[in-house]
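Take a look at the structure below.
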Amino acid sequence: MALVAYLVVVPLALLIIGGFIRGAPGTFSRLTFTNYIRAYGSPALLELFYNSFVFAAGSVLLALPVAVMFAWLIERTNTPLRTVAYALVIAPVAMPGMLLSMAWVLLLSPNVGIINKATMFVFGLENAPFNIYSLGGMIFTEGLRLVPTTFLLLVGAFRAMDPSLEEAALVSGATKWITTTRVTLRIMLPAILTASIYVFMTAIESFEIPGVLGLRNGILVFSSKIYYATTSTYGGGANYGEASALSSTYLVISIFLIYLYQRSTRHSERFATVTGKGYRPRLIDIGLWKYLALAFFVGYFALAVLLPILIMFWASLIPFYQAPSMEALSVASVASYTDLLNDPEVTKAVMNTFRLMLGSATITTLLAAAAAWVVLRSNFPGRRVLEVLTFLPHAVPSVVLALALIYVYLTFDYLPIYGTSLIILVGFVTTYLPFSTRTLSASIIQIHKELEEAGRVSGATSVTVFNRIVIPLMLPTMAGVAIWVAVHAMRELSMALMLNSTSNNVISFLIWSHWEAGDLRHASALGVVLILIMLAMTFSGRYLATRQLKPR
């Protein structure tokens with residue numbers, strides 16, 4: 001419990017204190033309200049709130065209907081190749097938001113975007129019809145990114161719903177459309193509302209897409225504003241006190257959203273349709289529309305994965321970005337990939353990334369397993385406090401936690417990890433602890449207490465019971481959690497960007513650096529490699545998750 005408290009409470013406490021202190025992190029002077037006055041007295045504050053809310057709400061309004069339709073088509077209709085369709089929907093999980101936004105810049109930039117150029121040529125337009133460097137462009141890209149998360153939150157509810165209610169509506173003469181809209185979707189309303197709150201919370205914390213598409217164009221949301229305030233690269237002035245003041249409000253918003261999410265799931269049993277009575281799922285025949293539905297899945301996959309990968313692969317082959325043509329093809333080569341292999345900075349970043357992936361996956365999974373077991377199985381008097389502490393980081397956006405860690409390890413300079421990979425490791429473990437704990441808690445609940453009691457009757461200590469009985473039974477779930485943590489550690493940008501130094505570069509930071517320097521070729525080559533690795537890891541995790549659900 002002391003370790004979890006140190007990881008969670010200490011950074012947040014120092015971050016809040018930092019908002020009342022002038023000067024760099026680690027230097028304590030007299031308390032002042034100057035940072036808050038400067039942050040909240042700015043005329044740009046209303047625009048910041050507006051941009052953040054519209055960006056998050058717009059992304060949810062785009063992702064939610066698509067995800068609901070996908071979940072309904074896969075679980076409740078006779079759409080062909082539903083297993084393939086499922087894979088097409090979750091594949092974008094392997095596409096980091098940073099790379100997705102970079103790819104759509106290459107497709108929809110007013111100056112060099114291929115789709116814009118083609119549209120202007122076909123319709124004889126003088127100006128580009130689309131501008132990805134806008135709030136609408138940010139919403140479009142974030143909406144694409146959020147569809148898989150929203151889908152995964154909803155698909156289980158659609159799968160488990162008792163079809164007898166739909167059958168009763170159809171027998172009463174209702175059409176399939178009326179049955180779906182007035183019965184199915186109304187029953188699913190609590191799940192849809194819960195998913196909406198969770199996805200809104202995810203969007204409000206997002207940095208990668210606002211960072212790539214909005215930062216240089218003055219379209220700031222809370223996450224990019226905090227980063228802007230800590231760096232002089234974009235004219236922000238590196239004002240950590242102001243960033244801390246903004247983080248306090250950001251933190252309050254996130255905690256409020258967590259509260260809404262918890263409240264929305266508290267009485268979900270009122271809408272339960274799965275009971276002890278057996279039932280057989282019935283698929284709705286949607287006729288010829290099923291082929292259009294399959295095309296819809298393919299179209300989404302093309303927008304979220306296929307087009308971005310292809311355009312980034314093309315950009316990695318040519319010296320200067322241009323539309324595909326025979327002339328451009330004549331100068332295409334794999335030189336960028338050869339350059340990466342021979343670049344010592346890339347080698348160092350790859351090694352750092354894989355060390356962080358392995359370290360964060362191992363430590364987070366073991367710590368989460370121990371915390372979940374203590375909360376659910378022990379008589380430890382502080383177990384409820386531990387449960388709250390393990391969930392609290394979910395309300396802390398990565399950019400805020402990174403800022404908090406800067407305060408911690410510049411203040412406690414006798415722990416010399418600032419500027420090393422260890423500080424990023426601490427951030428990853430703290431960030432991914434809530435998801436890991438909740439997932440492993442569900443696994444522990446499925447293990448009957450009599451197995452542990454049998455071990456204790458045989459003379460085993462609690463530690464032995466945990467190591468020799470609980471851990472082996474949870475291994476499939478722990479493997480899935482470890483892969484999930486490793487994938488997210490590989491793609492995480494905001495933490496790596498805020499805590500970066502010359503000695504702890506990781507792949508995501510290197511891609512960002514090449515992109516910001518205008519080196520599209522090498523940024524795209526690194527991006528393609530990263531996406532392929534993450535696709536393999538994502539489907540490995542999916543395989544493990546489905547394998548443990550099969551009857552033995």
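Just so it is clear, none of the values below were taken in a lab; they were calculated from the coordinates. These figures come from a predicted structure and were not determined experimentally. As a convention, Cβ positions derive from the backbone with ideal geometry for all residues, glycine included, and neighbour counts pool all protein chains shown.
Assorted remarks:
- Here Ile255 and Ile37 are evaluated by their C-beta separation; at R0 = 22 Å the FRET efficiency comes out at 0.40.
- For the chain, the relative contact order works out to 21 percent when only alpha carbon pairs closer than 8 Å and six or more residues apart are counted.
- Applying a DSSP loop filter and a limit of 10 other Cβ atoms within 10 Å to the trypsin sites (Lys or Arg not before Pro) in segment 277-374 leaves Lys277.
- Normalising the average separation of contacting C-alpha pairs (under 8 angstrom, six or more residues apart) by the number of residues puts the relative contact order of segment 295-408 at 11 percent.
- Of the Cα atoms belonging to segment 65-201, the radius of gyration and Dmax stand at 19.1, 57 Å.
- The alpha carbon convex hull volume per residue for segment 33-330 rounds to 175 Å³.
- Segment 33-330: relative contact order as a whole-number percent, Cα under 8 Å and 6+ apart: 30 percent
- Stokes-Einstein D for segment 396-552, Kirkwood Rh over Cα pairs, 25 °C, 0.890 mPa s (µm²/s): 133 µm²/s
- Mean Kyte hydropathy of 0.5 or more with a Cα span along the axis of at least 27 Å, helices from DSSP in the chain: 45-76, 135-160, 344-377, 421-445, 471-491, 520-547
- Measuring how big the chain is from its alpha-carbon positions, Rg and Dmax come out at 24.7, 83 Å.
- Once the C-beta distance of Leu475 and Arg438 is scaled by a Förster radius of 25 Å, the resulting FRET efficiency is 0.90 to the nearest 0.05.
- Exposed chymotrypsin sites (Phe, Trp or Tyr not before Pro) absent: longest stretch of the chain, with sites in DSSP loops and at most 16 other Cβ within 10 Å deemed exposed: 34-233
- Given their separation in residues at 0.36 nm each and the Cα-Cα distance between them, Val171 and Arg216 gain 10.4 nm when the chain is fully extended.
- Close Lys pairs in the chain (alpha-carbon distance under 27 Å; sequence gap of 8 or more, or different chains): 5.
- Theoretical FRET efficiency, 1/(1+(r/R0)^6), r = Cβ-Cβ of Arg30 and Ser501, R0 22 Å, to 0.05: 0.15
- Available extension along the chain between Met120 and Ser330 is 73.1 nm, counting 0.36 nm per residue and deducting the alpha carbon span.
- Segment Val385-Leu193, length gained on full extension (0.36 nm per residue, minus Cα span): 66.3 nm
- Two-site label geometry, Thr338 and Ser462: point separation in nm, points 7 Å out along Cα→Cβ: 6.2 nm
- Debye intensity ratio I(q)/I(0), log10, segment 285-411, q values 0.17, 0.20 Å⁻¹ (C-alpha model): -1.05, -1.16
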